[in-house]
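The numbers here are math on the coordinates, done by the rules we state, and not lab data. Only a predicted model underlies this, so the values are computations on that prediction, with no experimental measurement involved. We place every Cβ from the backbone using ideal geometry, glycine too, and count neighbours over all the protein chains shown.
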Amino acid sequence: MFHMRGTTVAKAAEFDFMRKVVMIGAGGSGKTALVNRFLTQKFSEQYIVTIGSQFAVKTVSVHDNNGHDVVVKLLVWDLAGQQRFDFIRGSYYRGSKGALLVFDTTRKSTFLELPKWIEETENALGERIPIILLANKVDLVHERVITTEMGKAFVEEHKLNGYLETSARNGQNVEEAFARLAKHSIS
Ligand SMILES: Nc1nc2c(ncn2[C@@H]2O[C@H](COP(=O)(O)OP(=O)(O)O)[C@@H](O)[C@H]2O)c(=O)[nH]1
Ligand SMILES: [Mg+2]
C-alpha cells in the first residue's frame with residue numbers, strides 16, 4: 001500500500017513478520033488445492049501448476065502470545081511436480097519456520113506416509129519446526145477411511161502442533177490452518 005502525499009511517497013509498514021512455510025505430504029493429498037483456496041477463496045477442479053514462482057505470498061493477521069494483533073507475511077512454498085523433489089529438497093525446506101502436513105482422508109496410503117514427511121523435514125533442517133496436520137478432503141464423507149480419532153492420535157503420538165480437518169473444495173478450516181501456522185511460526 002502506497003500513500004501519496006504531494007511529492008512524498010511513504011511506504012506503509014505492511015507486515016510485522018515474514019515467514020517461510022512449506023506444504024508437505026503425499027502427492028494428490030490436496031496441497032496445491034489448499035494453497036489455491038487460501039489465495040483465491042476458490043476451488044479449482046483441474047490440477048494447476050499455480051504460482052509459476054516457487055512460492056505464494058499472503059499476509060494474515062493473528063494474535064501473538066501477548067494478545068497483540070500482528071500481521072504475518074507468509075511465503076507459502078508448494079511443490080509443483082513430485083519428480084524433481086530429490087534435487088531441490090534442500091532449498092525447499094531451507095529457512096522454513098513451519099509446515100502444513102497434508103493427507104487425504106479418503107486414501108490410507110497418504111496417512112501411512114506421514115512419518116516419512118516429518119522425518120524428512122527434520123533431517124533437512126536439522127531441527128524441529130511447528131507442524132500442523134491437515135486431514136483434507138473431509139467433504140468426501142462417504143469415501144472417508146481415516147477417522148478424526150486416528151488423526152488426533154497421530155498428532156499426540158508425534159507431538160505435532162495442531163490438527164484440523166479441511167476441505168479445499170468447500171473451504172472448511174483453510175484460513176484457520178494458515179492463521180494457526182502463522183501464529184506458531186512467530187512463537
Ligand atoms: N473433494 C476434494 N477434492 C480435493 C480436495 N483437495 C484437493 N482435491 C483434489 O485432489 C486432487 C489432488 O489435489 P492437489 O492439490 O493437486 O494435490 P497435491 O499433489 O497435494 O498438490 C485434485 O484433483 C484436487 O482437485 C478437497 O478438499 N476435496
Ligand atoms: Mg501440488
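What the table below lists for this structure:
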read-out	value
Potential extension, Asp16-Glu122 segment - 0.36 nm per residue separation minus Cα distance	35.5 nm
Cα-Cα over 22 Å, subset of Lys116/Lys152; Lys20/Lys137; Lys58/Lys97; Lys73/Lys116	Lys20/Lys137; Lys73/Lys116
Difference of contour (0.36 nm per residue) and Cα-Cα distance, Glu113 to Asn65	14.0 nm
Translational diffusion of the stretch 87-187, µm² s⁻¹ [Kirkwood Rh, Cα pairs; Stokes-Einstein; 37 °C; 0.692 mPa s]	234
Check: the stretch 117-187 dipole with +1 on Lys, Arg Cβ and -1 on Asp, Glu Cβ, in debye	200
